[in-house]
Amino acid sequence: MKIFIDSADINEIREAAMMGVIDGCTTNPSLLAKAGRKIETAIPEICSVVDGPVSAEVVSVEYEGIVEEGRRLAKIHKNVVVKVPLIAEGLKAVRTFTQEGIKTNVTLCFSASQALLAAKAGATYISPFIGRIDDTSHEGMELIEDIVLIYDNYGFETQVLTASIRSPYHVVQAARAGSHCGTMPFSVIKQLLKHPLTDVGLAQFLADHKKALEKAK
Ligand code: G3P
């Protein structure tokens with residue numbers, strides 16, 4: 001499963017990229033606001049650090065505006081993927097972008113029926129928000145299983161990009177379900193790495209190494 005960092009904070013994006021574990025990056029207006037960045041300057045900087053797809057989200061909700069904004073974003077860098085909300089005007093724009101060879105990430109997906117329509121419109125990625133579904137006392141991961149099954153049944157090329165990931169367990173569940181990609185905060189990427197037995201084992205090896213050096217004196 002491809003791992004994307006869900007962030008507009010260039011420092012943490014750079015740190016994750018240096019670890020060699022990220023395949024791409026996703027941003028949204030809330031993440032840009034959190035990082036105090038404007039999309040026009042943040043996206044080129046992220047593209048210079050991340051060697052893979054970088055999602056940049058439009059804020060227009062009418063077809064013409066989405067297309068104009070998306071074309072402008074796509075011109076920033078070859079790796080830009082235009083992120084479009086899952087509304088009727090958004091799907092019209094996705095169809096146009098697909099005809100023009102512009103990659104799209106259809107976002108704010110909360111149902112399999114929405115995901116089916118996004119795939120039919122030609123979306124490159126679909127972003128189901130599993131954490132936000134969990135927040136409503138429903139099983140977010142069931143949506144990933146449904147979408148993977150439906151896309152497989154009909155050979156859709158749209159990639160499932162599990163989003164709103166909140167924990168390492170979400171990542172493992174998404175990978176088990178066959179999600180093509182998962183996007184997650186840097187905090188979750190760091191949690192994926194952690195295991196107490198790794199830390200205990202390393203401390204032991206270092207202590208034994210020190211002892212061995214002392215003995216050899
Ligand atoms: O990629 C979508 C993501 O940013 C939403 O996550 O935690 O705000 O539901 P969250």
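The values are calculated or read from the model by the stated rules, or taken from the named source; none is laboratory data. Here the structure is a predicted model, which is why all the values come from computation and not from measurement. Reconstructed Cβ throughout: ideal geometry from the backbone, glycine too, with neighbour counts over all protein chains shown.
Checking segment 28-50 against the condition returns a match, with at least one residue being in contact (Cβ under 8 Å) with a residue 40 or more places away in the chain, among the polar types (S, T, N, Q) and out of contact with any helix residue (DSSP H, G or I) (no Cβ under 7 Å at 6 or more places or on another chain). How many residues are within 20 Å of Ser60 (Cα to Cα) and under 17 Å from the mean Cα position of the chain (by Cα) when one looks only at segment 10-33? Matching residues across segment 10-33 total 7. Can you find a residue in segment 112-124 that is out of contact with any Ser or Thr (no Cβ under 6 Å at 6 or more places or on another chain), farther than 30 Å from Pro44 by Cβ and basic (Lys, Arg)? Looking through segment 112-124, at least one residue is out of contact with any Ser or Thr (no Cβ under 6 Å at 6 or more places or on another chain), farther than 30 Å from Pro44 by Cβ and basic (Lys, Arg). Among the residues of segment 180-192 satisfying the criterion of being touching a residue at least 24 places away in the same chain (Cβ under 8 Å) and assigned to a helix (DSSP H, G or I), which is surrounded by the most Cβ atoms within 10 Å (Cβ to Cβ)? Top of the filtered list is Ile189. Looking across segment 166-197, the residues that are β-branched (Val, Ile, Thr) and within 16 Å of the ligand (Cβ to nearest atom) come down to Val171, Thr183, Val188, Ile189.
One residue stands out among those in segment 16-46 that are part of a helix (DSSP H, G or I) and more than 16 Å from the ligand (Cβ to nearest atom): the one that is nearest to Val81 (Cα to Cα), which is Pro44.
Restricting attention to segment 162-178, the residues that are within 11 Å of Ile144 (Cα to Cα), in contact with an Asp or Glu (Cβ under 9 Å, 6 or more places away or on another chain) and touching a residue at least 60 places away in the same chain (Cβ under 8 Å) total 1.
Under 7 Å between Cβ atoms, at least 6 apart or on separate chains: pull out the pairs that start in segment 132-159 with a residue that is aromatic (Phe, Trp, Tyr) and end on any residue that is surrounded by 12 or more Cβ atoms within 10 Å (Cβ to Cβ) and at pLDDT 95 or above. From residues that are aromatic (Phe, Trp, Tyr), the pairs are Tyr151/Ala119; Tyr151/Thr158; Tyr151/Val160; Phe156/Ala119.
When Ala121 is tested against (1) closer than 27 Å to Ile22 by Cβ; (2) more than 11 Å from the ligand (Cβ to nearest atom), only condition (1) is not met. When Val94 is tested against the conditions (1) farther than 13 Å from Asp146 by Cβ; (2) assigned to a strand (DSSP E or B), the lone failure is (2).
Taking segment 125-147 as the range and being out of contact with any Leu (no Cβ under 9 Å at 6 or more places or on another chain), away from the ligand (no atom under 12 Å from the Cβ) and closer than 28 Å to Gly70 by Cα as the test, the residues that pass are Leu143, Ile144. Taken together, Asp146, Asp152, Asp135 contain a single residue that is among the acidic types (Asp, Glu), surrounded by fewer than 19 Cβ atoms within 10 Å (Cβ to Cβ), modelled with pLDDT of 95 or more and under 30 Å from Lys78 (Cβ atoms), which is Asp152.
For segment 5-15, indicate whether the set of residues that are modelled with pLDDT of 95 or more, within 15 Å of the ligand (Cβ to nearest atom) and assigned to a helix (DSSP H, G or I) is non-empty. Checked against the condition, which is being modelled with pLDDT of 95 or more, within 15 Å of the ligand (Cβ to nearest atom) and assigned to a helix (DSSP H, G or I), segment 5-15 yields at least one hit. Within segment 113-137, the residues that satisfy the criterion of being assigned to a helix (DSSP H, G or I) and within 15 Å of Lys92 (Cα to Cα) are Gln114, Ala115, Leu116, Leu117, Ala118, Ala119, Lys120, Ala121.
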